[in-house]
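I have placed the structure first, in the form of C-alpha cells, so that the comments after it can refer back to it.
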Amino acid sequence: MKVAGFTFIRNAVKNDYPIVEAITSILPVCDEFVVALGNSEDDTEQLILNINSPKIRIIHTVWDDTLREGGTVFAAETDKAFNAISPDADWAFYIQGDECVHEKYLPLIKKEMEDNLNDKETEGLLFKYKHFYGSYDYYGHSRRWYRREIRILRNNKTIHSYRDAQGFRLDGRKIKVKLINAYIYHYGWVKPPAGLKNKLRNFNQFYHDDDWLAQNLPETFEFDYKNADRLIRFTDGHPAVMQKRINAINWNLDINLNEIHKKMSLRRNLLQKIEDFTGWRVSEYRNYKIIK
C-alpha cells in the first residue's frame, strides 16, 4: 500500500498558518507528500524545505486571483496538488494548512487504509472534526461548525475538489465513504482578535469583491469572538507537533461563554438540543455519502 499526502499553501508566514505542523502530523503514514506552493511574498518555501524530508515534493503554482467567488481558487489549487501525486499511490491523504492530526490516531488511520484497500466501493475515508476557537482551550460545537469531511481519497484522477476545497466529487457525484473514529484538529480560528480580523479580511478576498469587503469588513472592523454559537472546553491533549505553538501563545482569551450562547436563535437552540440528546443533526449538509 502506498500513501501520498497532499496540500496547498500560500503566504504561510504572513498569515501564520501552521503548515509545518499540518504536514508533519501525517507525514509518518505517507510515502510521499506533494505541496502545491502558491506564489508567496514571504519565506513559505524555506519553511517547507526546513522540514528536511525526502518524502516532500514541492510544485510551484500561481493562484488565479480573479477567482473570487465561493473560494474557487482553493479547489483549483487542491486539484493541482492532487494531480501531481504519483500514479502508483493507492490512497491520497489531504490536509489543509491550518489542520493537524493527533499522533494517537495514526495507527487507526493506517489500519483503516489497509482494511479498505481492496474494497473498491469505499472511495474515501471520512474524518470527524474539532474546530478550535480563540485559544487552544476551546472548540466550537454547534450547527455553525461542520462535523465531518473527507480527508483520504482513492488516487483516482476523476476525483476533483469541490467548491472551496472543503470536499470532493467524483464525476459530479458525492464520494462514497467510510466514517472512521479519528479527528482532524482545525486551528484556523486560534488567533488573537487582531489576527482573526486579518484572517477574515484575507480569507474573504477569495470569496467576495472589494466592494463587499469594504462594506462588511472595513479596516475599522473589530473582531469580538461572538460568532461561535457555543464553545466547549477542551480537556484532552493536542498533537505533539503543535506543542511549540501552544507554549508560545501570547494572548488571553477574554470571552463570556454564556454571552456567546445567548446569541443563538431559538431555532438553533432547539436543533442543538436535539443533536445533543440523539446525535442526529437535523438537515445536516453532507458533502459525501456514508456507506459504512
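Selection of the range 71-95 for residues being among the polar types (S, T, N, Q), closer than 20 Å to I175 by Cα and surrounded by fewer than 22 Cβ atoms within 10 Å (Cβ to Cβ) yields T72, N83.
Of the set (1) closer than 24 Å to A182 by Cα; (2) hydrophobic (A, V, I, L, M, F, W, C); (3) assigned to a strand (DSSP E or B); (4) more than 20 Å from the chain's Cα centre (by Cα), all apply to A89 but (3). Filtering the range 269-288 to residues that are touching a residue at least 40 places away in the same chain (Cβ under 8 Å) and in a helix (DSSP H, G or I) leaves L271, Q272, E275.
Residues of the range 21-42 that are over 22 Å from A76 (Cα atoms), among the hydroxyl-bearing types (S, T, Y) and out of contact with any strand residue (DSSP E or B) (no Cβ under 6 Å at 6 or more places or on another chain): T24 alone. The residue of the range 92-106 that is farthest from the chain's Cα centre (by Cα), among those that are closer than 12 Å to G5 by Cβ and in a loop (DSSP other than H, G, I, E, B), is V101.
Condition check ((1) surrounded by 12 or more Cβ atoms within 10 Å (Cβ to Cβ); (2) more than 25 Å from H160 (Cβ to Cβ); (3) at pLDDT 90 or above; (4) β-branched (V, I, T)) across all residues:
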site	(1), (2), (3), (4)
G38	yes, no, yes, no
E41	no, yes, yes, no
N50	no, yes, yes, no
R57	yes, no, yes, no
V62	no, no, yes, yes
T66	no, no, no, yes
E69	yes, no, no, no
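Of the residues that make up the range 216-233, is at least one modelled with pLDDT of 85 or more and either among the hydrophobic types (A, V, I, L, M, F, W, C) or farther than 23 Å from H186 by Cβ (or both)? Yes; the residues of the range 216-233 include at least one that is modelled with pLDDT of 85 or more and either among the hydrophobic types (A, V, I, L, M, F, W, C) or farther than 23 Å from H186 by Cβ (or both).
The strands (runs of 3 or more DSSP E) found entirely in the range 121-178 that carry 1 or more residues being touching a Leu at 6+ places or on another chain (Cβ under 9 Å) and β-branched (V, I, T) are 148-154, 159-162. Of the residues making up the range 227-264, those that are under 22 Å from the mean Cα position of the chain (by Cα), buried (at least 16 other Cβ atoms within 10 Å of the Cβ) and part of a helix (DSSP H, G or I) are V241, M242, R245. Could you please find all residues in the range 27-79 being among the aromatic types (F, W, Y) and in a loop (DSSP other than H, G, I, E, B)? Of everything in the range 27-79, just one residue is among the aromatic types (F, W, Y) and in a loop (DSSP other than H, G, I, E, B), namely W63.
The values are calculated or read from the model by the stated rules, or taken from the named source; none is laboratory data. Since this is a predicted model, take the numbers as computed values, not measurements. Using ideal geometry, Cβ is built from the backbone for each residue, glycine included, and neighbour counts are taken over all protein chains shown.
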